[in-house]
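Working notes, structure below.
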Amino acid sequence: MIFAINGARGRMGRMLVEVLSDPTVSSTHQVGGLVERAGHPDTGGIVRVAGTDLVLVDDPEALPRDIDVGLDFSAAGSGTAFARAMARRHAALLVGVTGLPAGDLLALREIGKKTPVLVAANTALGVLCLSELAATARRMLGNNYDVEVFEMHHRHKKDAPSGTALTLARRLESTGLHAAADRNGQRQDGEIGISAARGGEVVGVHTIYFLGPNDQLELTHRANSRKAFAEGAVKMAALLRAKAPGYYEINDLLR
């Protein structure tokens, strides 16, 4: 399977290159193209990936035609051209960018009519497990327990709350609650509070609290390395490639 990576010189892009260069992975997967934003200082330079020299391009249309999967870990508002280039190649597209503008999401839904598209706020398998555990806890504990979502990330993260926290809250909303990311005053019945902290170089912490009258339950996922996200993205991409055109969620792939 041949991958193209958008945002290739960012933190996640570099980690994806590292994971896909591992001999146990590169025996079945390879990187066929790398993309960065126009004006990036590395654009036009050579990046060595698993023994192959690739030119870092700023135009997705310069990528090879035989790309199977595009991985977009660039930045909000900068992935539409890459997405359209993937659609023209009939390549599956996994977007791991959070804080996407509404216009970008609409464009991705349109692209999903031509090729399989997955927008995932978090590709770590542990976070997917956290989501399912939280839904189970909510069903078991019921309305006597208040639910709060807390997340913490590095000081450079641009969006707050994180896309993962919002996704977790949406999963819990399906059980009859409603999210409140901007609470002002006393909590309301049936409310999921969402709060965020930023500092240092924290990779990512997400905790869901179930606060009852006599006890409390805390479910936490801590990302110790971005490698967890990169390995999950490669796994999700392989599953996505086998799907028909459509706009998918992670649960669609793992169900």
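Tabulated data for the structure shown
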read-out: Which numbered condition Asp104 misses (of (1) crowded, with 18+ Cβ neighbours inside 10 Å; (2) in a helix (DSSP H, G or I); (3) outside the structural domain of Met12 (by TED's automatic domain parsing); (4) not hydrophobic (A, V, I, L, M, F, W, C)); value: (3)
read-out: Complete set of residues in the stretch 107-128 that are out of contact with any His (no Cβ under 8 Å at 6 or more places or on another chain), assigned to a helix (DSSP H, G or I) and touching a residue at least 40 places away in the same chain (Cβ under 8 Å); value: Leu108, Arg109, Leu125, Leu128
read-out: Selection from the stretch 1-18 of residues that are surrounded by 21 or more Cβ atoms within 10 Å (Cβ to Cβ) and on the phi < 0 side of the Ramachandran plot; value: Phe3, Ala4, Ile5, Asn6, Ala8, Met12, Gly13, Leu16, Val17
read-out: Qualifying residue in the stretch 36-46 (condition: at pLDDT below 95, part of a strand (DSSP E or B) and either closer than 20 Å to Lys158 by Cβ or not hydroxyl-bearing (Ser, Thr, Tyr) (or both)); value: yes
read-out: All positions within the stretch 1-53 that are free of Cβ contacts under 8 Å to residues at least 40 places away in the same chain and of a type in the set (Gly, Ala, Ser); value: Ser21, Ser26, Ser27, Gly32, Gly33, Ala38, Gly39, Gly44, Gly45, Ala50, Gly51
read-out: The stretch 82-105: number of residues that are over 16 Å from the mean Cα position of the chain (by Cα) and modelled with pLDDT under 95; value: 2
read-out: Residue check for Thr207: among the polar types (S, T, N, Q), surrounded by 11 or more Cβ atoms within 10 Å (Cβ to Cβ) and in a strand (DSSP E or B); value: yes
read-out: Among (1) touching a Phe, Trp or Tyr at 6+ places or on another chain (Cβ under 7 Å); (2) farther than 30 Å from His90 by Cα; (3) assigned to a loop (DSSP other than H, G, I, E, B) - the single one Leu141 does not satisfy; value: (3)
read-out: Test: residue in the stretch 222-234 that is farther than 30 Å from His90 by Cβ, assigned to a strand (DSSP E or B) and without any contact (Cβ under 8 Å) to a residue 40 or more places away in the chain; value: yes
read-out: Residue check for Asp66: assigned by TED's automatic domain parsing to the domain that holds Ala237, without any contact (Cβ under 8 Å) to a residue 12 or more places away in the chain and in contact with a strand residue (DSSP E or B) (Cβ under 7 Å, 6 or more places away or on another chain); value: no
read-out: Set Gly39, Gly44: member being touching a strand residue (DSSP E or B) at 6+ places or on another chain (Cβ under 9 Å) and farther than 30 Å from Pro245 by Cα; value: Gly44
read-out: Unique residue being in the same structural domain as Tyr247 (by TED's automatic domain parsing) and within 14 Å of Ala233 (Cα to Cα) when the list is Val57, Val35, Val25, Val49; value: Val25
read-out: Residues satisfying the stated conditions in the stretch 128-162, i.e. small (Gly, Ala, Ser) and surrounded by fewer than 20 Cβ atoms within 10 Å (Cβ to Cβ); value: Ala135, Ala137, Gly142, Ala160
read-out: Members of the stretch 69-96 that are assigned to a loop (DSSP other than H, G, I, E, B) and in contact (Cβ under 8 Å) with a residue 40 or more places away in the chain; value: Phe73, Ser74, Ala75, Ala76, Ser78, Gly79, Ala91, Gly96
read-out: Candidate set from the stretch 163-195 (those that are under 25 Å from Glu249 (Cα atoms) and polar (S, T, N, Q)); member that is surrounded by the most Cβ atoms within 10 Å (Cβ to Cβ); value: Thr164
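The values are calculated or read from the model by the stated rules, or taken from the named source; none is laboratory data. Note that this is a predicted model, so its numbers are computed, not measured. Please note: Cβ atoms are built from the backbone with ideal geometry, for glycine as well, and neighbour counts cover all protein chains shown.
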